[in-house]
Structures are given as C-alpha cells and as structure tokens.
Amino acid sequence: MAETFGFQCVTCGGYHVGMPSFGWDYPIQYLLVGEQERGRRIRLTPDTCVIDGEWFFVRGCLDIPVREQEEPLSWGVWCSLSRQSFERYEELLSQAARNARESFFGWLCSALPGYPDAQELKTMVRIQPWPTRPLIELEPTDHPLAVDQRQGITASRARELAELVLHPQDRPR
C-alpha cells in the first residue's frame, strides 16, 4: 500500500498533504462574455453552464493516475456537449438511479497549467453513479495530457503540477 501523498513545496516551503484536486467554477468560454452581460446571457450552476441558450457545458473529473499512488491527480474540467446530449445529461443529473453506463461526446473547455493548449481535445463524458460528477476521458492522442491520462505520471510530476496551480504568481512567464 502506498503512503499518503505529500510533498515539500519548493515555492512556498510548506508541506502539502494529500493528492491534489483542482477545478474551475466555469468553462473558459464564460470569460468571453463581458461581466455586465453574464447575468443575462449565462446560466451557471456548479455542474452546468449554458451561454446564450446555444452553448452547453458540463463539469466533470479528468483523472490522471499517479504511479505508485492510490489516488489520481484530479482536474475538475468543463466539456462542451451538443444540445441533445446536454438535455439528456440534465435529465440524468439528479437521478439517484441513473445509468452509469451512459456517455456523451464532448470537447474539453478548460486550460490546465503545465500542459500545452488542451482546449478542444475530444472527450467522452462518462456518467457515474449519483451523486458523483462524470469522468472525462480524453481521446487517445499524442497530446501530453492525453498521454498522461493513459500512462500516468510520477509523484514528482504531480508535485510540479500542484505547485503551478497553488502558486500561479511564481510561474515562469
């Protein structure tokens, strides 16, 4: 059994315990709508986002296995869905007996620190038992994020990614 993941942060000097999990409150497209217009044009919940009644997004977990660790590094990301898939997703969202085998094609709509542009990577949004958010599975490509999801990362790489999120002001520009 692996020890609890923890690391000495080279940026702040603190010791962080537990496998990190990071997420965003909205898809990146949310930022394309001016602040004054968001209340009128966007319907945002913790799990869904609709922009102008035309663009549909769902929040899910993109897990990256960490070698020799029990827990994955988990990114809370957003994916776009078609209207039809989104409507079905909303039907399933609050169902305690939802079918955990359903899945939907989508496009990744989140930027992840430590990776080249990952927006618009093809995904499968895989429904999980209630009340768990869906798992996001990337199409198997040579994009570094897709490779990491398939092959896993080292604990050292998990620490590096965590430091990028925990200390964004200290990122190299």
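Worth pointing out:
- Cβ-Cβ under 6 Å pairs, at least 6 apart or on other chains, segment 145-156 side within 13 Å of T123 (Cβ to Cβ) and in contact (Cβ under 8 Å) with a residue 24 or more places away in the chain, far side of a type in the set (S, T, Y) and open to solvent by 40 Å² or more (accessible area, probe 1.4 Å): none
- Pairs, first closer than 17 Å to V165 by Cβ in segment 24-41, second modelled with pLDDT of 95 or more and open to solvent by 60 Å² or more (accessible area, probe 1.4 Å), C-beta under 7 Å, six or more apart: Y26/L44
- Scanning segment 88-107 for residues that are of a type in the set (G, A, S) and in contact with a strand residue (DSSP E or B) (Cβ under 7 Å, 6 or more places away or on another chain) yields S103, G106.
- Among the candidates D142, D63, D148, residue that is under 29 Å from L32 (Cβ atoms) and out of contact with any strand residue (DSSP E or B) (no Cβ under 8 Å at 6 or more places or on another chain): D142
- Counting the residues of segment 71-87 that are open to solvent by 80 Å² or more (accessible area, probe 1.4 Å) and in contact with a strand residue (DSSP E or B) (Cβ under 7 Å, 6 or more places away or on another chain) gives 1.
- Of the residues making up segment 11-20, those that are open to solvent by 30 Å² or more (accessible area, probe 1.4 Å) and on the phi < 0 side of the Ramachandran plot are T11, C12, Y15, H16, V17, M19.
- Taken together, the criteria place E68 among residues that are open to solvent by 50 Å² or more (accessible area, probe 1.4 Å) and on the phi > 0 side of the Ramachandran plot.
- Checking Q69 against (1) assigned to a loop (DSSP other than H, G, I, E, B); (2) more than 16 Å from L161 (Cβ to Cβ), the condition it does not meet: (2)
- Residues of segment 85-130 satisfying the condition of being farther than 24 Å from G53 by Cβ, hydrophobic (A, V, I, L, M, F, W, C) and part of a loop (DSSP other than H, G, I, E, B): A96, A97, A100, A111, L112, A118, L121, W130
- Residue that is modelled with the lowest pLDDT [pool: residues in segment 1-20 that are aromatic (F, W, Y) and in a strand (DSSP E or B)]: F7
- Scanning segment 32-65 for residues being of a type outside the set (D, E), open to solvent by less than 90 Å² (accessible area, probe 1.4 Å) and assigned to a helix (DSSP H, G or I) gives a total of 3.
- Checking each residue of segment 79-86 against the condition of being in contact with a Ser or Thr (Cβ under 9 Å, 6 or more places away or on another chain) and of a type outside the set (S, T, N, Q) gives at least one match.
- Subset of segment 21-31 [assigned to a helix (DSSP H, G or I) and open to solvent by less than 60 Å² (accessible area, probe 1.4 Å)]: I28, Q29, Y30
- Residues satisfying the stated conditions in segment 128-173, i.e. at pLDDT 95 or above, among the hydrophobic types (A, V, I, L, M, F, W, C) and open to solvent by less than 40 Å² (accessible area, probe 1.4 Å): I136, L138, L145, A146, V147, I153
The values are calculated or read from the model by the stated rules, or taken from the named source; none is laboratory data. No experiment lies behind these values; they were computed from the predicted model shown. All Cβ positions, glycine included, derive from the backbone under ideal geometry; neighbour counts span all protein chains shown. What goes into the accessible areas is simple: the full protein's heavy atoms, side chains included, and nothing from ligands, DNA or RNA. Shrake-Rupley method; radii C 1.70, N 1.55, O 1.52, S 1.80 Å.
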